[in-house]
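The values are calculated or read from the model by the stated rules, or taken from the named source; none is laboratory data. Just so you know, these numbers come straight off a predicted model, no measurement behind them. Heads up, the Cβs are rebuilt from the backbone with ideal geometry, glycines too, and the neighbour counts pull from every protein chain shown. Quick note on the areas: whole protein, heavy atoms, side chains included, nothing else; ligands and nucleic acids left out. Shrake-Rupley method; radii C 1.70, N 1.55, O 1.52, S 1.80 Å.
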Amino acid sequence: MDATFVALHNSAFRPLLGLVDLSSGALSEADVARWPETAILADARHCGKHAAVASHRSSVPAAGAAIVAAALVLGAMSGHRHRPHCRDGRRCRCRAIASDSIAATAPVLVSTADVGPGGRDPWREPPERCALPDTRSCTVGKWEGVEQFGSVPQLGGQGTRDFYLVESFATREEMQEIMSCVKERLDWESDLDTVDAMPTFEYYPFRQGHWSDPRMRSALEGLLEERVLPYIRERYHCPSASLFEVLVRRYLPGERRSLEMHWDGHAMVTGVLGLCDPDSFQGGIYLQPDTSFSSRTFPRIEPGDLLVHSYDLLHGVHVWGSSERYSLIFWLKDSPQSVLDGTAPWYDAQGEPETADELIPLAHHYETGRYGRSKDEQEARRIYERCADMGSPIAMNNLGLLCQRKALERRKAGAEEEAEVDAREAVEYWRRAAEMGWILSQRNLAEAYAEGLGVAKNVGEARAWMRRAASQLDVKAAYRLSEFLGLRFAAASSAATPLDAVAFAGDASDLEEAAWWLERSAEAGSRDAQLTLGGLLAEGDVLPRDVVAAESWLQSAVQGGSSVALFELAKLLAGQGREEEAVKALRSIGARAVRADAEPELIWMGCPAALKQRALVAGDASVDPVTIGAIEDVDERQAALRGAIEEASLRGLNDVLFQLYLDVGKCFLDCGKLKGAEAVLDGLLDLAQDLGGDGADALRREGILRNNRAVGVLRLQRRWTESEQELIRAYIAFERMAGEKHEVLDEVSGNLAVI
């Protein structure tokens, strides 16, 4: 079997340490035998005059051949270093580079067997950054400086993609003002990202051609008009290139720490302005020339540097440790008209694209019907198939997703046989890409084995493939692997089909490994992992109880937008006697329910009644029963209640309506108008039945209503017998609440004692 490899720099050989004698390149047969058979081989492409190529043909297993080739490459590289380039008064930004281009990659072996408890931990072992190997002088208007440049080979080997890094493009004064704007920003969006469905933690000072942040506009306009736009227009030979969005993103501990590899297919050119000192955080933006995560290269970007690339460059983000990273992104289209229209005409500018990195984003536009393309799944599939024939694992993965979608549609329509054919086809696409090392396909294949879709259900295969994906720093795979190993929290599962609890039950060693993966995923920002870890630590059944850690993880999940975590946090706080904080959390759920968010609405309806009664959208004066009830003048209070009832009706706040109508009845009683009070309370008894809810909720409403009616009858007309009957019914209602204690029960008992 032939194996051809090319070297980048020493840090890329980290997986080989301990197996290869770095000084001599010697490798024993015992070393070869020790390497796990499950290792994934990541081929490399030739680029650069200093790249050493080793071709090996023997009976040694493929993994062993890779190590032999690595040893030969290391021997050939000895003594070569790129000339350092340093700035006056600033840290040296350079690292050892073994080729003229960052595109050259080392032979990388990614073991799926030695990552985990007691083994390697790439989740906490960040790689070194590197400077780009080539530099040249650069002039933009009055600005003069240095431009670094490099290239990355495309997956499948159809050429390379260039990128550029302009040093110190923004002045210190500009950077100070930009960072001041960023750090003082309070309202960050946490909607789910279109790339990986993780919370975004971002905001747009400039969107669709319009500024929304005047202060950031003032900080950026000079930089954009005098340097960024002129540079990009000249670099990409596009005089009409126009800014259409400016985006700021943050990567903070407890929030998202990664962004899956992707193309910026909606922007002709992307510019990334460095905001943070690279020595203050670990990781950052990466470029990945191969399917393996070990081929990722992290450029060193100083504050004020501008990294620029085109729409067809694959890239991602991963941040390690407890440090903070902020980045500012400029997205440009080819003309003001495409900004106005929201289109991407550069795909057609030079005829039909020819490489997978150009074609796959275009296919996605057809698949989703975006950026000026009519939705056309057949055209998208045609393009994906063409790219799959080129050897693109990404295209294979996307074809699998198309087949899976078709299978689900046919199964829903009752066409089981046709659905099974589509499901099997999806599995075959994913298998091809997974065996090439593509993370997303490894995860999708694992899910197929877990659910038995297109392949026989197989717990061992599901765990093995999910472990391979998780070993390559896939945040979702790490979380799902913890579930596959038996560590689950019912409220947190994100799977469309729940796992077979018996088949995926874990023994003690499985649960230990599961906890390891769960913690890594939570640290990397998975909202589901944070919720699960917080919930399990709060329960103390599977993991040792730790309410402090539980609260911290649940708070992180809440920050990511999880209403389930907010509910679990409220329960945890209430259990510690911190009722005011619990009520505040439940109010937030109620506010989310007002926005017609299905998840918060369901959670809100399931909240403990005693807490929910106090949390009825308190703080919103327009519908808050507590605020309105404090109005002393009865007529004013009645007028406020009428307005609140109308508003609560429009917003569908059923529990608020119940409390508001109850207060109207009390107003009638305060005015001595028993008939009006009785009419309202009788109507509420009917409303209580219509509202439904769980049994306790309905009984609670009935008990409250009958107690109030009894008090009114007794106080205004001295109808003792009728009042006693109402109180008995109220008492019975509360007694039937399955043991749930309610504060009104004591009042009912007292009223009965008086009678």
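Please list Val269, Val564 in order of solvent-accessible area, largest first, computed with a 1.4 Å probe with all protein chains present.
Val564, Val269
Arrange the peptides 312-319, 168-175 so that the one whose residues have, on average, the most other Cβ atoms within 10 Å appears first.
Ranked from most to least packed, the peptides come out as 312-319, 168-175.
When all C-alpha to C-alpha distances in the range 337-421 are sorted into bins of 5 Å, what percent of pairs does each bin hold, rounded to whole numbers?
Histogramming the range 337-421 at 5 Å steps yields 3, 15, 20, 20, 17, 11, 7, 4, 2, 0 percent.
Using a Förster distance of 51 Å, how high is the FRET efficiency between Glu435 and Asp277, based on the Cβ-Cβ distance and rounded to 0.05?
With R0 = 51 Å, the Cβ-Cβ based efficiency is 0.80.
Using modelled backbone amide H atoms (1.01 Å from N, in-plane), which distant-in-sequence or interchain residues come within less than 5 Å of Ser242's amide H?
Lys333, Asp334, Ser335
Do me a favour and compute the ellipsoid semi-axes for the range 226-321 from its Cα gyration tensor, root of five times each eigenvalue, largest one first, whole Å.
The answer is 24, 16, 12 Å, longest axis first.
Evaluate the range 157-254: find the radius of gyration of its Cα atoms, find its Kirkwood radius, and give the ratio Rg to Rh.
Ratio of gyration radius to Kirkwood radius for the range 157-254: 1.00.
Round to a whole angstrom and tell me the spacing of the C-alpha centers of the range 195-209 and the range 519-557.
Distance between centres, Cα-based: 27 Å.
Within the range 333-383, list the GluC sites (Glu not before Pro) lying in a DSSP loop whose Cβ has at most 16 other Cβ atoms in a 10 Å radius.
Glu354
Over the range 392-523, consider all pairs of different Cα atoms and compute the Kirkwood hydrodynamic radius from their mean reciprocal separation; express it in Å, one decimal.
By the Kirkwood definition, the hydrodynamic radius is 14.9 Å.
Residue by residue, what Karplus-based ³J(HN,Hα) values in Hz, rounded to whole numbers, does the range 312-320 have, using 6.51, -1.76 and 1.60 with θ = phi - 60° and x for Gly and Pro?
For the range 312-320, the Karplus curve yields 9, 9, 6, 7, x, 9, 8, 10, 9 Hz.
Hey, can you rank 388-400, 191-203 by average C-beta count inside 10 Å, highest first?
Packing proxy ranking, top to bottom: 388-400, 191-203.
Binning every alpha carbon pair distance of the range 382-433 at 10 Å from zero, what are the percents per bin?
The calculated distribution, bin by bin, is 32, 45, 21, 2.
Would you mind listing how long the range 444-492 runs along its three principal axes, going by Cα atoms, in whole Å with the largest first?
Principal-axis extents of the Cα atoms in the range 444-492, largest first: 26, 25, 14 Å.
How large is log10 of I(q)/I(0) for the range 290-369 at q = 0.12, 0.20, 0.26 Å⁻¹ when the intensity is taken from the Debye formula with one equal scatterer per alpha-carbon?
The Cα Debye sum returns log10 ratios of -0.53, -1.15, -1.38.
Working only with C-alpha atoms, what are the Rg and Dmax values of the range 499-577, expressed in angstrom?
12.7, 39
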